[in-house]
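Report on the following structure.
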Amino acid sequence: MKTRKVIIHNSVSLDGSIRGFDVDMQAHYAIAGNYKADVHLIGSNTAITGIQTFCPEIPKEEPGDFQKPQRDSQLPLWVIPDTTGKLHGLLHVYRRFDLCRDIVVLVSQKTPRDYLRHLEERNYNYHIVGDHHIHCPQALNLLTETYHAQTILTDTGPILNGVLLNNGLVDELSLLVHPVIVGPEKYPLLGNVTQNITLSLLATEKLPTGKIWLTFKCH
Ligand SMILES: NC(=O)c1ccc[n+]([C@@H]2O[C@H](COP(=O)([O-])OP(=O)(O)OC[C@H]3O[C@@H](n4cnc5c(N)ncnc54)[C@H](OP(=O)(O)O)[C@@H]3O)[C@@H](O)[C@H]2O)c1
């Protein structure tokens, strides 16, 4: 089972914030793509923020949105824990992306029935992996067993990253450090971590644009 690797990848300011500055999207996603992950694990808040930022006008669903896309099996699955149905009526925005194999939704025993029906009607795979929130160790095992996920890359903020770190589930931390200080509006990447975690530096790379890419091994 333990050939699986979980990588947290974030762009951060010098004061550790994940927002409140202009993220170098090109560099951020170039690094993310180089990991060739089988799964991108996307927090539901991140997914909502992405839609608000890049697709404020939600397109009407079309018949094709109810079918699983037929795409290259090498593309990553985008997996979204969404136990409360925040993405009800919005998932087709992501399903349409050419760079995603399909969307898988992780839910819990508490997830509203009408959201599950909504997913079923649109042929989304979903999995119940927890009583209230998702149970992260169980969710990662499911992704490895069911979808053969060896490399799982997070695209998420302090909340889900914090749960993963607090449960000792992260193998590598990848930080694209931007030379900016956000100040009082900062939203610290590691603000939800509840214990002391020692890391070891794997590599540093200075990018021509003035950012520094740091990678750390977590255990
Ligand atoms: N700079 C960067 O690199 C970067 C990258 C990604 C995102 N962001 C920013 O990060 C912000 C969003 O981050 P966020 O931390 O607020 O939210 P998030 O991590 O995107 O979403 C929270 C996720 O954690 C899950 N969750 C909450 N409590 C949990 C628990 N106890 N156990 C298991 N799962 C749990 C939620 O699931 P439920 O929905 O089921 O509760 C949800 O999927 C946005 O502003 C986004 O733009 C920045």
Sort out for me the Cα centre separation of segment 1-21 from segment 110-129, rounded to whole Å. 28 Å
Label-to-label distance, nm, for residues given as Tyr29 and Leu202 (7 Å Cα→Cβ offset): 2.2 nm
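Inverting the mean 1/r over all pairs of different Cα atoms, compute the Kirkwood radius of segment 19-96 and quote it in Å. Walk me through the intermediate numbers first.
Working: mean 1/r = 0.0700 Å⁻¹.
Result for segment 19-96 stands at 14.3 Å.
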Which distance in Å, rounded to a whole number, links the C-alpha centroids of segment 38-101 and segment 131-180? 18 Å
Which one of Gly64, Leu160, His88 has its Cα pushed farthest toward the positive end of the charge dipole of the chain, where Lys and Arg give +1 and Asp and Glu give -1 at the Cβ? Leu160
Please identify the chymotrypsin sites (Phe, Trp or Tyr not before Pro) of segment 26-109 that satisfy two criteria: DSSP loop assignment and at most 16 other Cβ atoms within 10 Å. Which are they? Phe97
Would you compute, from DSSP H runs of 4+ residues alone, the mean residue ellipticity of the chain at 222 nm, taking -39500 (n - 2.57) per run and dividing by the full residue count, rounded to the nearest 500? -7500 deg cm²/dmol
Between the residues Leu140, Thr111, Tyr126, the Cα farthest towards the positive end of the dipole of segment 105-155, that dipole coming from +1 and -1 charges on the beta-carbon of Lys, Arg, Asp and Glu, is from Thr111
Long-range amide H partners of Asp102, meaning residues 5 or more apart or on another chain whose placed amide H is closer than 5 Å, are Trp78
Could you give me the ³J(HN,Hα) list for segment 190-200, computed from phi with Karplus coefficients 6.51, -1.76, 1.60 and θ = phi - 60°, whole Hz, x at Gly and Pro? 9, x, 9, 6, 10, 9, 7, 10, 9, 10, 10
Most fluctuating residue of Asp114, Asp171, Asp65 in a GNM of the chain with Cα springs under 10 Å: which is it? Asp114
Mind checking which lysines have their C-alpha under 29 Å from Lys86, skipping anything on the same chain fewer than 8 residues away? Lys5, Lys36, Lys60, Lys68, Lys110, Lys186
Most exposed first, judged by fewest Cβ atoms within 10 angstrom, Asp155, Asp15, Asp22 run Asp22, Asp15, Asp155
Which of Leu173, Leu99, Leu207 moves the most in a Gaussian network model of the chain with Cα springs under 10 Å? Leu207
Kindly give Rg over Rh for segment 1-149, based on alpha-carbon atoms, with the Kirkwood expression for the hydrodynamic radius. 0.95
To the nearest 20 Debye, how big is the dipole of the chain about its Cα centre, given +1 on the beta carbon of each Lys and Arg and -1 on that of each Asp and Glu? 300 debye
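How big is the charge dipole of segment 57-112 about its Cα centre, in debye rounded to the nearest 20, if each Lys and Arg gets +1 on its Cβ and each Asp and Glu gets -1 on its Cβ?
Working: 8 positive and 8 negative charges, 38 e Å.
Dipole about the Cα centre, nearest 20: 180 debye.
By DSSP, what percent of the beta bridges with both residues in the chain are antiparallel, rounded to the nearest 5? Don't jump to the answer; show the numbers that get you there.
Working: 13 of 38 bridges.
Here the share of antiparallel DSSP bridges comes out near 35 percent.
When the chain is fully extended, how far beyond the present Cα-Cα distance does Leu75 get from Lys36, taking 0.36 nm per residue of separation?
On the way: separation 39, 0.36 × 39 = 14.04 nm, distance 0.84 nm.
Here the answer is 13.2 nm.
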Say we join alpha carbon atoms closer than 10 Å with springs in a Gaussian network model of the chain; which of Ile181, Ile134, Ile42 then has the biggest fluctuation? Ile181
When the label point is put 7 Å from the Cα of Arg113 along its Cα-to-beta-carbon vector, which residues of segment 63-99 have a backbone N closer than 14 Å? none
With a Förster distance of 35 angstrom and the Cβ-Cβ distance between Phe97 and Leu14, calculated FRET efficiency to the nearest 0.05 equals 0.65
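No value in this document is a laboratory result; all are computed from the given coordinates. No experiment lies behind these values; they were computed from the predicted model shown. For neighbour counting, all protein chains shown are included, and Cβ atoms are generated from backbone atoms with ideal geometry for every residue, glycine included.
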